[in-house]
């Protein structure tokens, strides 16, 4: 059976495991989000899109959503496998990229386009390890600060990738879009429609799938239900509105799915451990 790793949404829309160490690794899987893997030490190979590539210190992998890959680093005497693994929901960065149209187009290409290269061997003077160390620290910050720090650091990382990693490997301005798998099409639909009341039948009609098949595909691939995904996405949007606007709770509840204020407050507290009002108060107290 295909193995999919879902992003641990309860920790936020991203996960950075900095300088993990082990004697070996062999794992065949795919991620719901984008995965970036950087190797510091160790030797082996990765199978990606049916092709094998060598891995060693300085290797960078950029893996798009739901791309199956096998990272195989065998155990060797006096050898250790050291890597940083960054996995994130690609939709998370769209708001941060809105003021930067050139960088946004580049990001759309490495997210959704057909890429001639996804495995790179970086020079020793690469600035990437320092950037990954900062991202690792950002992921340890308090929840109310974590997402903003991560988003701003990711802008710097994308700029570096644009100028120094993908600069010579991307084709002309018009790249072919990558064919989406069913579960990725479902995720894209949810991202577009999560602000409206959800109707499974409408989604099934739009994606030409039966409601049962659609729900089954998503749960099998991600490990969570459509309702759980929608709840997490709506709570994340609500957090952004609570932190960045003075809109009343009733208005925010309506904006994140046409929800009633009572149900919204219950949903928010169940997921965040505090009420929307308490969350907003905490954010503002930390800002002063």
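Between the helical axis of 182-193 and the longest alpha-carbon principal axis of the chain there is an angle of about 40 degrees.
The angle separating the long axis of helix 128-138 from the principal Cα axis of greatest extent in the chain is about 30 degrees. Taking 0.36 nm per residue of separation and subtracting the Cα-Cα distance, full extension of the segment from residue 52 to residue 188 would add 46.0 nm. Read through the labelled values (1) 149; (2) 138; (3) 242 and report the label of the one computed as volume of the Cα convex hull per residue in Å³ from the structure. Only one option fits the structure, namely (1). The angle separating the long axis of helix 211-222 from the principal Cα axis of greatest extent in the chain is about 50 degrees.
In the Gaussian network model of the chain, springs joining C-alpha atoms below 10 Å, which of 223, 130, 258 carries the largest mean-square fluctuation? Evaluated over the chain, the most mobile residue of the options is 130. Taking 19 Å as the cut-off, the amide N atoms of region 33-65 that come nearer than this to a point 7 Å along the Cα-to-beta-carbon line of residue 164 belong to 36-41, 56-63. When each of the peptides 98-111, 149-162 is scored by the mean number of other C-beta atoms lying within 10 Å of its residues, the order from highest to lowest reads 149-162, 98-111. In this label model, residue 266 and residue 196 are separated by 2.6 nm, measuring between points 7 Å along each Cα→Cβ vector.
Centroid-to-centroid, using Cα positions, region 212-288 and region 70-139 are 28 Å apart. Computed over the chain, relative contact order equals 15 percent, with contacts defined as Cα pairs under 8 Å that lie 6+ residues apart.
Every read-out reported here was derived from the displayed coordinates using simple, explicitly stated rules and does not represent laboratory data. On a predicted model such as this, the values are computed, not experimentally measured, just so you know. We place every Cβ from the backbone using ideal geometry, glycine too, and count neighbours over all the protein chains shown.
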